[in-house]
Amino acid sequence: MNTKSNQRYHDMDIFMKAALLELMKETEFEKITVKRICERAGVNRGTFYSHYTDIYSMLDEAEDYLSKELISITEEWSRRPDSHKESLFTPYLCYIKEHRYFYRISLANLKNLPIKKTFKPLWEQLVFPQCQRAGITDENELSYYFIAFQSSITMVLRHWIETDCRESEEKLSAILY
């Protein structure tokens, strides 16, 4: 029996998420149906509904999956001995550009860029150390810096995605830094 704790359940989940992401590359989100996802993933509708209540719940889970992957990539990059603080945004931007179809659809449907969870490694590597060097240690004051950091990056990324990522990742990384 397929339960959340067995490997087959997880494999089917990955197949369906991959199918959704593939369909998002080639089809307007509004035209994606459960039937098309199931056909692409090679699963039946019952399998889909044992995992998700609808396409929007699947979109939410895909967002969580992509956020975890983006955090992992950013943290891995920051641990590399040859990484420079100025280029810390580059792997982050490359990932977002690669999945821009997902982020564009999220913006259109959710009105927010689903990347809030991914700011922590960037904050810890870039902004927080600068705040510490400037002697800013008050938690309340630091929260304002974090909000400003998060808001500005969100708006820049939103514009970049809406303009189909025309600027290179390197150029945008330099702008953000």
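Derivation of every value follows stated rules applied to the coordinates shown; laboratory data play no part. Just so you know, these numbers come straight off a predicted model, no measurement behind them. Every residue, glycine among them, receives a Cβ derived from its backbone with ideal geometry; neighbour counts consider all protein chains shown.
Please report how many Lys pairs in the chain have alpha carbons closer than 14 angstrom, counting only residues at least 8 apart along the chain or sitting on separate chains.
Working: 17/25; 17/35; 25/97; 68/116; 68/117; 68/120; 97/171.
Taking the chain as the scope, the lysine pair count is 7.
Which order do the peptides 127-133, 95-101 come out in when sorted by mean C-beta neighbours inside 10 angstrom, highest first? Walk me through the intermediate numbers first.
Numbers: 127-133: 13.4, 95-101: 17.7.
Ranked from most to least packed, the peptides come out as 95-101, 127-133.
Considering only DSSP states other than H, G, I, E and B, which trypsin sites (Lys or Arg not before Pro) in segment 1-69 qualify as loop sites with at most 11 other Cβ atoms within 10 Å?
Loop-located and lightly packed - 4.
So what is the 222 nm mean residue ellipticity for the chain from helices alone, if each DSSP H run of at least 4 adds -39500 (n - 2.57) and you divide by all residues, rounding to the nearest 500 deg cm²/dmol?
On the way: 10 runs with 123 residues, N = 177.
Per the formula, -21500 deg cm²/dmol.
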